[in-house]
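Undergrad: Structure below; questions to follow.
The values are calculated or read from the model by the stated rules, or taken from the named source; none is laboratory data. Keep in mind that this is a model prediction, so the values were computed, not measured. Note that we place each Cβ from the backbone using ideal geometry, even for glycine, and neighbour counts take in every protein chain shown.
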Amino acid sequence: MIGQQRNRTGLYLLFLGLLLSGGHPLSAQAVGMINDPNGFQNLTWGATLTERPELEVTRAGPHVNEFQLRSATPSYAGTPVESVHFLTVDGQFARVTIRYQGDDRHTQILSYLEQQFGSLDRIPGQMLRGLNQQYTWRGRETEISLTYHANTARGFIFIDSRTLAPRFNDRVNDSAE
């Protein structure tokens, strides 16, 4: 009798889980982006970065190159950050990675992203607090992902070309060279 009751409870919980997850597919975790920037600052996706005098190569590879600003103190959305890196794949600008630290900076950056690209409160279950926070804005040309680790107060932003960034997977071999 007890075994049958456990079976029913287990089946009920499994059915309930399937029902709830079916109503919220994984792709619904991203907020639809308003104001797709089609690049970053004054650079459009696909641009050549090697001839930009304000950028210098920090890591060169056969297919993937990384750049940073030569002289400017890194910032994003008017907030000082640890680093801003521009990445190309096969010579085409495809990604920006930004690293920052601090709860105050996280709050400023998250507020800017919501103002520019869309509010987060539209998605049921979106986590606004917690040890690991992750947010995504998806536009037609651009995807922005922010991950924040509250226990270390470190944040990471990836701003990607939706058509070019997937080529990183094709171009980076198993040894990550």
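Undergrad: So for the stretch 40-52 (the condition being at pLDDT below 95, under 21 Å from the mean Cα position of the chain (by Cα) and within 30 Å of Ser111 (Cβ to Cβ)), does at least one residue qualify?
TA: yes
Undergrad: Considering the stretch 37-54 alone, what residues qualify as being aliphatic (A, V, I, L, M) and assigned to a loop (DSSP other than H, G, I, E, B)? Working first, answer last.
TA: So in the stretch 37-54, the residues aliphatic (A, V, I, L, M) come out as 43, 47, 49.
Correct list: Ala47, Leu49.
Undergrad: May I ask you to verify whether Ala94 is free of Cβ contacts under 8 Å to residues at least 60 places away in the same chain and closer than 20 Å to Glu143 by Cα? Full working, then the answer.
TA: On the way: free of Cβ contacts under 8 Å to residues at least 60 places away in the same chain: no; closer than 20 Å to Glu143 by Cα: yes.
So Ala94 fails the test.
Undergrad: Which of the residues spanning the stretch 42-75 are surrounded by fewer than 16 Cβ atoms within 10 Å (Cβ to Cβ), of a type in the set (D, E, K, R) and touching a strand residue (DSSP E or B) at 6+ places or on another chain (Cβ under 9 Å)?
TA: Glu54, Glu56, Arg59, Arg70
Undergrad: Of Leu146, Leu87, Leu113, which residue is in a helix (DSSP H, G or I), closer than 30 Å to Asp170 by Cβ, at pLDDT 95 or above and not hydroxyl-bearing (Ser, Thr, Tyr)?
TA: Of the residues listed, the single one that is in a helix (DSSP H, G or I), closer than 30 Å to Asp170 by Cβ, at pLDDT 95 or above and not hydroxyl-bearing (Ser, Thr, Tyr) is Leu113.
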